[in-house]
Amino acid sequence: MLRFTAERFVGMIVTMLLVSLMVFIIMELPPGDYADRYAFRKYSGTGVSVTEADIQAIRVELGLDKPMLLRYFDWIGNIVLHGDFGQAFAFETSVTKVIGDKALLTTAILFGTLIITYLVSIPIGIYAAVKRASFADYGLTTFSYLGLALPNFLLALILLYFANRWFNADIGGLFSAEMKDAPWSLAKAGDLIAHLWLPAIVLAWSAVAYQLQTVRATMSDELNKLSVTAARARGVPETKLLIKYPARLAINPVVSTIGFDVNRIFSELPIVAVVLGLTELGELLLRAYLDLDMYVAGAILLLLTFMIVFMNFISDILLAWLDPRIKLGG
Amino acid sequence: MGDLLTVENLTISFRTDEGLITPVQDVSFSVQKGRTLGLVGESGSGKSVSTKAVMRLLPGSAVIAPDTRMHYTAKDGQRVEVEKLDPRSRAIRRLRGGEIGMIFQEPMASFSPVYTIGNQMIEAIRLHREPNKRQAREIAIAMLERVGLSDPATRIDQYPHEMSGGMRQRAMIALALSAGPALLIADEPTTALDVTIQAQVLDLMRELQRDLGMGMIFITHDLGVIAQIAQDVAVMYLGTIVERGPTAEVIRDPKHPYTQGLLAAIPSLDRLNARMTPVPGDIPSPTERPTGCPFHTRCVHAIAGLCSARTPREIAPEPGRAVRCWLHDEAGRSAA
């Protein structure tokens, strides 16, 4: 297991480096660079005519004149060695300051969503498989399909409405008004959790529907396996038997798709965030692109992809632990 | 020697989309302490279903008829009325594994692939014999050695996929025996094995059964195997036991036309050039169970008008033997 983990860890690092190179190339792709935007922004409407030489001077000042590979190594070196993501040109401060809080909140939403997804879909999927073709099974299946059928933003609006009517919750945003600008504290973290559940449920619902069906299907298969009958014939108590034998294998496909879930949450988050008035990374990413603010865009892209790669690593380790046969192939 | 297990009038039906089917009808047999009962029949004749009913392992769609009696005498002498137990009760769980062990045809599929052999053995031992983990492990290692696995202290921590087919079947036997059952149900344990390994496993099972003084139900479709391992035999056809008695007598002098057909169908080394003589016809589908004697559609001796209309009762043509056939029931024939 240790060797397997080490191998997968090295694989993750290599993947991340390749991803970072790709992210950097993507950042370079749009025509023009921030020097153009900067000149345009600074002198537009002032009547000052800007020459190519002026832009070149800005370029040198910002360090954009160096060859691309060199800038890549500067960039990634600073991130790895100093945790410094570079300058956010448009904000005239460091990228870390600009994205710091938003990255944290996006991560909170991500993990909140994942936790709800798995806490709901796995036990209910197992239950539905055991009670196959019962009223409870059909009821749960129908309810979960609602999540697949309804678009997220609609779900967000509906939940927002009911949360406000029934719980009198001031929904919208991730913090209540008085906590918004307060420094981090336990009370603020509690406030975050009190607000987090709504976007997490909205984002989790369709994933729950999907994973619930997966668990139900694999669990139904596993329940018919001879090894389950054999364990029952040895007198293993039913609940322990279900968890130890079929359920352990039934959650296999769920664990192996953690990475997909992360990916999907990131792509659905921006729309939900607009409806619920959340601050998160997606919106900032778009703005950074429009401004050609490459280090902000790069940092966001990098964080999102790193998160996916990292969760894939976690999923690999969990899979190997769930099913020891996987390590042989590794 | 007392009866370990007595099954009387076992009838099992399944609710299916095509209606109620009854794969086992009015089956009675008994197993004595220290003896082996061979249950022989074609696939689909209800051998496995009958023994699963004894363990109450049938799925929820199965119904056991109300006049079924299944009595088991536990190791402490207590009589258990198995048909009355709730399949989820503690009492049936004590029976499963601890009193009645079961081994299956597919050793690979009957182990869970994600736990070591030892994990699954120790679980069974701790459930029924010895709650202490260290001692349970020692019992497991001793049992693996007993079934002839080399280096059992290493084998115990291996996964099923790290073993060969023959080794897995030995481990499966060790797993079933480790909880100390008084009755072992072996459901075609040698069918999936190579012929040479088959002989070794048969020898091993016979030896273990004798040494441990267990009763055994040995399910197979191979009368040759029955002759090697079972003292008593019951021949099943389409969910009914058509003939039972001591193996040697049944093989020497089969009474039922189906048993006669089965014995004639065994290929012999003396008659290599002769064509094989199969039982004519095909086994009918359980949804289209023939009326009267289930075998009448394939029977060369069928009595027109009688066998297809009326179900024969079980009679004793000789002491210790039983057969369900109108040919041997003169009294019943004249009454009809």
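Here are some notes:
- Criterion violated by A:VAL228 - all others in (1) assigned to a helix (DSSP H, G or I); (2) away from every other protein chain (no Cβ under 14 Å); (3) farther than 22 Å from A:ALA156 by Cβ satisfied: (2)
- Screening B:ASP282 with (1) without any contact (Cβ under 8 Å) to a residue 24 or more places away in the chain; (2) part of a strand (DSSP E or B); (3) acidic (Asp, Glu) gives one miss only, at (2).
- Unique residue being part of a helix (DSSP H, G or I) and either open to solvent by 10 Å² or more (accessible area, probe 1.4 Å) or on the phi > 0 side of the Ramachandran plot (or both) when the list is A:LEU292, A:LEU278, A:LEU286, A:LEU269: A:LEU286
- Residue that is least open to solvent (accessible area, probe 1.4 Å) [pool: residues in segment B:246-277 that are assigned to a helix (DSSP H, G or I) and acidic (Asp, Glu)]: B:GLU249
- Inter-residue pairs, beta-carbon under 9 Å, first open to solvent by 30 Å² or more (accessible area, probe 1.4 Å) and in segment A:301-330, second among the basic types (Lys, Arg), 6+ apart: A:ASP316/A:ARG8; A:ILE317/A:ARG8; A:LYS327/A:ARG3; A:GLY330/A:ARG3; A:GLY330/A:ARG8
- Residue satisfying all of: in segment B:21-65; closer than 23 Å to B:PRO246 by Cβ and touching a Ser or Thr at 6+ places or on another chain (Cβ under 7 Å); most open to solvent (accessible area, probe 1.4 Å) among these: B:ASP26
- Subset of segment B:52-84 (residues that are part of a loop (DSSP other than H, G, I, E, B), under 23 Å from A:ASN224 (Cβ atoms) and not basic (Lys, Arg)): B:MET55, B:LEU57, B:LEU58, B:PRO59, B:GLY60, B:SER61
- Checked against (1) open to solvent by 30 Å² or more (accessible area, probe 1.4 Å); (2) outside any helix (DSSP H, G or I), A:ASP36 passes all but a single condition, namely (2).
- With respect to (1) over 26 Å from B:ILE21 (Cβ atoms); (2) basic (Lys, Arg); (3) at pLDDT 85 or above, the lone exception for B:ARG275 is condition (3).
- Entry remark, segment A:73-115: residues being assigned to a helix (DSSP H, G or I), hydrophobic (A, V, I, L, M, F, W, C) and open to solvent by less than 50 Å² (accessible area, probe 1.4 Å) number 14 in total.
- Contact map, segment A:185-201: first residue within 12 Å of A:ALA163 (Cβ to Cβ), second residue open to solvent by less than 20 Å² (accessible area, probe 1.4 Å) and assigned to a helix (DSSP H, G or I), Cβ cut-off under 7 Å, separation 6 or more or different chains; pairs are A:LEU198/A:ALA163; A:LEU198/A:LEU276; A:PRO199/A:ILE109; A:PRO199/A:VAL272; A:PRO199/A:LEU276.
- Whichever residue in segment B:129-188 is over 23 Å from B:ARG210 (Cβ atoms), within 12 Å of another protein chain (Cβ to nearest Cβ) and part of a loop (DSSP other than H, G, I, E, B) and, among such residues, is least open to solvent (accessible area, probe 1.4 Å): B:GLN158
- Within segment A:116-149, the set of residues being free of Cβ contacts under 8 Å to residues at least 40 places away in the same chain and not charged (D, E, K, R) comprises A:LEU119, A:PRO123, A:TYR127, A:ALA133, A:SER134, A:PHE135, A:ALA136, A:TYR138, A:GLY139, A:THR142, A:PHE143, A:ALA149.
- Residue satisfying all of: in segment A:290-330; more than 23 Å from A:MET22 (Cα to Cα) and of a type in the set (A, V, I, L, M); farthest from the other protein chains (Cβ to nearest Cβ) among these: A:ILE317
- Any hit, segment A:134-142, residues being over 24 Å from A:MET307 (Cα atoms), polar (S, T, N, Q) and part of a helix (DSSP H, G or I): yes
- Checked against the criteria, B:ALA91 does not count as more than 7 Å from chain A (Cβ to nearest Cβ), modelled with pLDDT of 90 or more and farther than 25 Å from B:SER48 by Cβ.
- Residue match in segment A:194-203 (condition: over 19 Å from A:VAL262 (Cα atoms) and within 23 Å of the chain's Cα centre (by Cα)): yes
- Every residue from segment A:232-241 that is open to solvent by less than 30 Å² (accessible area, probe 1.4 Å) and either more than 7 Å from every other protein chain (Cβ to nearest Cβ) or not in a helix (DSSP H, G or I) (or both): A:ARG234, A:GLY235, A:VAL236, A:LEU241
- Considering residues of segment B:96-128 that are open to solvent by 10 Å² or more (accessible area, probe 1.4 Å) and over 30 Å from A:ASN252 (Cα atoms) only, the residue farthest from the other protein chains (Cβ to nearest Cβ): B:GLU99
The values are calculated or read from the model by the stated rules, or taken from the named source; none is laboratory data. Note that the structure is a prediction, hence the values are computed from the model and not measured. Virtual Cβ from ideal backbone geometry, glycine too; neighbours counted across all protein chains shown. Quick note on the areas: whole protein, heavy atoms, side chains included, nothing else; ligands and nucleic acids left out. Shrake-Rupley method; radii C 1.70, N 1.55, O 1.52, S 1.80 Å.
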